[in-house]
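Worksheet: one structure, shown below.
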Amino acid sequence: MSQHIGAPAEPIVAKKDSVSVGQEIGSAQGFVSAPVHSPVNGIVKDIALQSHPVFGRAAAIIIAVDSEDKPQVVTADKYGNDFNPQQYSAEQICQAIRKAGIVGMGGAGFPTSVKLKANPDSPIETIIINGCECEPFITCDYRMMLEWTQQIMAGALLAGRALDCGNIYIAIEDNKPAAAEAFRLAIEKTPAAAGTKVALAETKYPQGGERQLIQAVTGIDVPVGGIPPMVGVLVANVATTAAIADAVVLNAPLIYRVVTVAGGGIEKCGNFYVPIGTPVQELIDFCGGLKSDAQKVLLGGPMMGFAIGDLSVPITKTCGAITVLTEKEIGNAKSTGRQTPCIRCGRCLDVCPINLNPTRIAHAAEHQMFDVAESYHMTACIECGCCSYVCPANIEISGHIKTGKIMVARQKKRMP
Ligand code: SF4
Ligand code: SF4
């Protein structure tokens with residue numbers, strides 16, 4: 001029930017109820033919230049606290065899948081280049097997105113209907129569709145851009161229609177020429193996409209961060225502590241954009257997502273179309289299981305993902321990857337696993353893309369001095385993990401900052 005920023009959804013089914021594919025089972029609570037739908041036909045086995053990748057534990061509806069259940073069919077072939085977003089009103093688009101439970105699938109988890117609600121005081125002049133997944137190992141967005149080009153295009157045009165904005169960029173890293181070419185062709189053949197352009201961004205980490213991408217595409221800096229709409233820009237991930245098209249055109253809720261399974265510690269790597277709620281263990285089993293030298297299972301990529309010890313956690317709407325690292329792969333990044341005292345080398349400051357002082361923030365957060373951490377702009381951290389990656393003392397700098405941000409959000413009641 002907690003797969004998004006904002007109030008958790010509230011279960012609206014009871015134990016032993018039958019549920020069907022696409023049925024709403026958790027209702028949104030308030031403006032900043034999102035409903036949850038069943039991805040399968042089955043019976044509600046329990047409604048209970050369940051392991052959660054971010055919050056530790058959270059309310060969940062556990063469904064025993066009907067043995068006759070059939071996997072959802074991919075919908076990308078439903079979109080042609082004659083797509084015209086003008087047949088939908090802005091209000092219709094926002095309502096459909098809210099009803100479908102769409103949230104930022106690039107990891108942010110912010111309810112998309114809130115983002116796409118036009119605000120006359122802060123009009124959106126540029127939309128950037130974010131195809132820069134930028135972390136090593138992850139390729140789910142790349143595959144979607146190649147295979148679902150027209151669907152993503154339809155979602156981008158719908159976002160533009162909702163915000164009355166025709167200036168749309170599809171941002172793609174310059175090491176993915178095939179994806180860029182696919183979009184150039186789609187734009188050429190789609191009359192409604194006249195204002196859409198492909199923006200090639202340098203391949204570097206963390207290019208896919210909202211601020212970095214806005215800077216790279218438009219040259220505009222989002223002020224520290226500010227959000228993209230303040231500078232007239234909206235950024236939406238490609239998976240979210242594809243889900244927008246399904247919600248508006250097919251009235252389809254968000255119940256599946258593409259997940260990359262990668263790393264040297266898994267038998268079979270690939271991109272998989274997965275029912276949301278699937279336990280991580282089931283997906284790992286489907287991929288042939290862990291290899292004997294598997295050391296760490298990460299939800300997400302090696303830079304921003306976090307290690308999980310309990311493989312019963314579900315794939316959520318925001319989880320685009322499972323990375324299984326071997327001892328050798330971890331060893332490539334860190335010479336020893338042992339943490340030593342900070343030697344004040346300043347490397348973490350040099351690499352921080354937001355120009356923060358990571359060591360000071362992490363020290364304050366670790367010692368629960370959250371007011372001090374906030375005075376160093378802790379909430380502006382984009383959790384890219386660069387500081388931890390370069391730290392010769394093996395200090396989990398970004399981990400301390402991430403925990404600090406959760407603690408502060410809890411204190412302010414923005415998180416369960
Ligand atoms: S994780 Fe570290 S490097 Fe990245 S933004 Fe936060 S403080 Fe800066
Ligand atoms: S990189 Fe590590 S050792 Fe160097 S200043 Fe930052 S925290 Fe200290």
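At a glance:
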{"item": "Segment 42-157, accessible surface, carbon-and-sulfur percent (1.4 angstrom probe)", "result": "52"}
{"item": "Alpha carbon centroid spacing (whole Å) that separates segment 1-57 from segment 106-141", "result": "24"}
{"item": "Average Cα contact separation per residue, segment 160-255, under 8 Å, 6 or more apart, as relative contact order %", "result": "19"}
{"item": "Built amide H within the under 5 Å cut-off of residue 237, gap 5+", "result": "105, 106, 130"}
{"item": "Normalised contact order of the chain, rounded percent, pairs of Cα under 8 Å and 6 or more residues apart", "result": "15"}
{"item": "Relative contact order (%) - segment 10-65, alpha-carbon pairs under 8 angstrom, separation at least six", "result": "32"}
{"item": "Accessible-area order (highest first, 1.4 angstrom probe) of the listed residues 31, 183, 110, 55", "result": "31, 110, 55, 183"}
{"item": "Solvent-accessible heavy-atom area per residue, rounded to whole Å², over the chain at 1.4 Å", "result": "46"}
{"item": "Heavy-atom accessible area order for 66, 221, largest first, 1.4 Å probe", "result": "221, 66"}
{"item": "The chain, helix-only ellipticity at 222 nm - DSSP H runs n ≥ 4, -39,500 (n - 2.57), divided by all residues, nearest 500", "result": "-8500 deg cm²/dmol"}
{"item": "Gyration tensor (alpha-carbon) shape descriptor, segment 76-249, a/c threshold 1.5", "result": "rounded"}
{"item": "Charge dipole (the chain, unit charges on Cβ, about Cα centre) - positive-most of 183, 199, 375", "result": "375"}
{"item": "Volume in Å³ per residue [convex hull over Cα atoms, computed for the chain]", "result": "139"}
{"item": "Global form of segment 347-411, assessed from the alpha-carbon gyration tensor, a/c cut-off 1.5", "result": "prolate"}
{"item": "Accessible-area value, residue 371, 1.4 Å probe, nucleic acids and ligands omitted, Å²", "result": "120"}
{"item": "Between segment 330-401 and segment 206-241, the Cα center-to-center distance that results, in Å", "result": "23"}
{"item": "Apportionment of accessible area to carbon and sulfur, segment 359-416, percent (1.4 Å)", "result": "54"}
{"item": "Solvent-accessible surface (1.4 angstrom probe) belonging to residue 147, in square angstrom, nearest 10", "result": "110"}
{"item": "Residue 25 long-range amide H proximity, modeled H, under 5 Å", "result": "36, 37, 38"}
{"item": "Cα gyration tensor category, rounded, prolate or oblate, for segment 150-254 with a/c compared to 1.5", "result": "oblate"}
{"item": "Per-residue ³J(HN,Hα) for segment 36-53, Karplus 6.51 cos²θ - 1.76 cosθ + 1.60, θ = phi - 60°, Hz, x for Gly and Pro", "result": "10, 10, 6, x, 9, 8, x, 10, 5, 7, 6, 10, 7, 6, 9, 4, 10, x"}
{"item": "Fraction of accessible area attributable to carbon and sulfur, segment 256-326 (%, probe 1.4 Å)", "result": "53"}
{"item": "In Å², nearest 10: area of residue 405 left accessible to a 1.4 Å probe", "result": "40"}
{"item": "Listed residues 382, 25 arranged by accessible area, highest first, probe 1.4 Å", "result": "382, 25"}
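The values are calculated or read from the model by the stated rules, or taken from the named source; none is laboratory data. Bear in mind the structure is a predicted one, so any value in this text is a computation, not a measurement. Quick reminder, even Gly has a Cβ in these numbers, built from the backbone with ideal geometry, and neighbours come from all protein chains shown. Note: areas computed on protein heavy atoms with side chains; ligands, DNA, RNA excluded. Shrake-Rupley method; radii C 1.70, N 1.55, O 1.52, S 1.80 Å.
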